[in-house]
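Report on the structure given below.
Nothing in this text is a laboratory measurement; each read-out follows from the coordinates by a stated rule. Predicted model only: the values in this text are computed from it and were never measured. Note that each Cβ is placed from the backbone with ideal geometry, even for glycine, and that neighbours are counted across all protein chains shown.
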Amino acid sequence: MSAMPSIPAIEVQALGKRFGDFAAVSNVSFAVERGEILGFLGPNGAGKSTVIRLLCGLLRPTSGRITVDGIDVGRDPEAVRRRIGYMSQKFSLYSDLSVLENLQFFGGVYGVPRQAIGERIQDALRMAGLAGHADTPVHALAGGWKQRLALGCAILHRPRVLVLDEPTSGVDPLSRRRFWDLIHDLAADGVTVLVSTHHMDEAEYCNRVALIDRGRIVALDTPANIRRRALDGELVEVRGTPLGRLLEALAAYPPVRDAAVFGNAVHALLARAADEAPALAAYLAGRGIGEVAVARIEPTLEDAFVRMIGRQAQGAGGAA
Amino acid sequence: MNANEITVAATGLTKRFGPLTAVDGLDLAVRRGEIFGLVGPDGAGKTTALRMFAAVMAPDAGRVSVGGVDVVAEPERVRERISYMPQRFGLYEDLTVDENIRFYAELFAVPRRLREQRAARLLAASSMERFRKRLAGQLSGGMKQKLGLACALVHAPSIVLLDEPTTGVDPLSRREFWQILYGLRAEGVTLLISTAYLDEAERCDRLALLHGGRMLYCDTPAALRARMPGALAEFATPAPRQLRDALQGRAGVLGVLLVGNGVHVHLDQAGRLAELERQLRDSGVPCDGARLVPPSIEDLFVALLGGAGTQP
């Protein structure tokens, strides 16, 4: 952490957006440091896209304020947009144009100066690992290659902030890792990255994650801290046969706060796993469950996510 | 009911598109009541294989039988027993949830007295009862996928083929979706599911890892993880890039991956860890500790496929 107080790359204060009676975003505040990768997680319709549109100046907030690099989005949306690169899950490429033609087109759209465009395109081709494929039509590229090209297009104008909307939907694991290596390199060069995603393995690549539910931020922390703190208890993996009876028995056992099938086992939430596991195993054996095994496991980000959103829903008196 | 009964079997299954061999001599045997995952990158042949099992595409070579019926000889009889949910399931956006289910029930000739009962059960299982009168076009992505599944299940198939069913679905809906699949499995339904997401693959009973139309490995997730060559270590550090650069190329380091709060390092053997920590200390790279972590299916996949997938 630098000793010099610096302006955050993005600062959001008490942001609110209503569509008629519907509060899509309520009192959202957060700040993102330069070079930080922040993930947005949340159910469909939680408000992730609305926050992103507000940030890009595509929607006007009902209340609150957003600054990007110290510039107020409400006062000067054009200046903010010039500082933002956006990549959508659909990649928005022209599939009948070549790799080079797409880069030239987006360079024009983003107003890259004529004298700089040649060099920027070469940089983008190198970064995306597409050197030597400039003339390949985009429809002939595999998903991971399209994704890297879309990223190349989104950073031609050297944005300070990069917004990625479900960037690796439908991309294979090898390409996904390569993509994230590029994102980390950009972040190290000072680009601030916002990522909205449904995929927890993608969220694990972020420095911090904001969990959004019903227009509010319900958690904002590093993935490790969210995993550690989100659960109101400790998770165990319970094996036993038959699986159906095992699940019923666990659901009926008061110390178990939550139980769900996962593969060939049941994940169960206990207050303190080490103290309660022996009694749990004995209880299951007494219920006629065979081959019982109980083992403490580390919760995944998805476990944390599902539990937190579930608790929010209970707190709000059931699903809206 | 024999638990080891094979319900979906392929031998030497092959499909070519011009010069491309999309599925190349695939041998596969799926047991009754099993959730079997077809896992692999884009272009691995997952969708093509599912289409051949579903009798919507004929193989160029090999044999495939589903529910004891030869798919090539009697495609119509196969279609009665199975349900196939393609990546874009054909929902009618201008019909309501109820109307979509009724449409598919009629299409599959479900007896009238069973229709209402099945629809109610499927909607309850997917927490969609409150949305029965809503137009399908107004549902979120996750709800559309759940409605697609309900429509695909309304004729009570004994074999269900699902092609990347949870792409774009949020984690809560995805959990519900999987709870429905586990419920079907408990009833003895056989499920074949393709996915590019390896955290999802961990939920299957067995997996086939496909690449370039061929099957590389087929086993349970736990057994596959045990095949991971070497060991995986997680380094906590405030300077991940510096640590990555310091470790890359060192003896015994097979791969380095930046993750949110640190660096994942694939080692040729677990014993390397202490040595690497010492080297980092000596070279002044900040490191808050390292520990061995269990590899995920994705780690395994990347380790096994390392250099592959470099063509556009």
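For this structure, a couple of remarks:
- Proxy reagent accessibility, fewest Cβ within 10 Å first, across A:TYR110, B:TYR217, B:TYR104: B:TYR217, A:TYR110, B:TYR104
- Helix B:272-282 axis, angle to chain B major axis (alpha carbon atoms, nearest 10°): 50
- Within the protein assembly as shown: Cβ-based charge dipole about Cα centre, in debye rounded to nearest 20 (Lys, Arg +1; Asp, Glu -1): 1060
- Radius 10 Å from Cβ of B:ALA290, net charge of other residues (Lys, Arg +1; Asp, Glu -1): -2
- Most mobile of B:SER283, B:SER83, B:SER296 in a GNM of chain B (Cα contacts under 10 Å): B:SER283
- The mean count of C-beta atoms from other chains within 10 Å of the C-beta of residues in B:258-267, rounded to a whole number, is 5.
- Helix A:273-286 vs. chain A, principal-axis angle (Cα, 0 to 90°, nearest 10): 50
- Farthest positive-ward along the range A:11-51 dipole, Cα basis, beta-carbon charges - from A:LEU38, A:PHE19, A:SER49: A:PHE19
- When +1 charges are put on Lys and Arg Cβ atoms and -1 charges on Asp and Glu Cβ atoms, the dipole computed for the range A:1-102 relative to its Cα centre reaches about 260 debye.
- Chain A shape via C-alpha gyration tensor axes, a/c threshold 1.5: prolate
- Value at 222 nm in deg cm²/dmol, rounded to 500, when DSSP H runs of n ≥ 4 in chain A each add -39,500 (n - 2.57): -11000 deg cm²/dmol
- Considering only beta bridges that DSSP places wholly inside chain B, some 65 percent are antiparallel.
- Just checking the listed ones, B:LEU257, B:LEU181, B:LEU191: in the Gaussian network model of chain B with Cα springs under 10 Å, the one fluctuating most is B:LEU257.
- 0 to 90° range, to nearest 10: angle between helix A:99-109 axis and chain A longest Cα axis: 80
- For the range B:232-282 versus the range A:194-260, the spacing of their alpha-carbon centroids is 28 Å.
- Mean sequence separation of contacting Cα pairs (under 8 Å, at least six apart), scaled by the length of chain B, corresponds to a relative contact order of 19 percent.
- Relative contact order for the range A:10-227: 30 percent, from Cα pairs under 8 Å spaced at least 6 residues apart, divided by residue count.
- Antiparallel %, DSSP beta bridges [both residues in chain A], to 5: 65
- Farthest toward the positive end of the dipole of the protein assembly as shown, out of B:LEU139, A:LEU250, A:THR136, is the Cα of B:LEU139, where the dipole comes from beta carbon charges about the Cα centre.
- Residue by residue along A:127-134, Cβ atoms of other protein chains within 10 Å of the local Cβ number 1 on average.
- Cα-based shape type of the range B:39-107, given that a ≥ b ≥ c are square roots of the gyration tensor eigenvalues and the cut on a/c is 1.5: oblate
- Inter-chain Cβ neighbour count for B:197-206, averaged per residue, equals 4 (cutoff 10 Å, partner chain atoms only).
- Share antiparallel - DSSP beta bridges, the protein assembly as shown, percent rounded to 5: 65
- Structural descriptor for the range A:167-231: relative contact order 19 percent, calculated from alpha carbon pairs under 8 angstrom and at least 6 residues apart.
- Positive end of the dipole of the range B:162-287 (Cβ unit charges, origin at the Cα centre): among B:PRO221, B:ALA233, B:LEU207, the Cα lying farthest that way belongs to B:ALA233.
- Among A:GLY42, A:GLY144, A:GLY132: highest mean-square fluctuation, GNM of chain A, C-alpha pairs under 10 Å: A:GLY132
- Unit charges on C-beta of K, R, D, E only; dipole of the range B:20-110, Debye: 300
- Global form of the range A:40-123, assessed from the alpha-carbon gyration tensor, a/c cut-off 1.5: oblate
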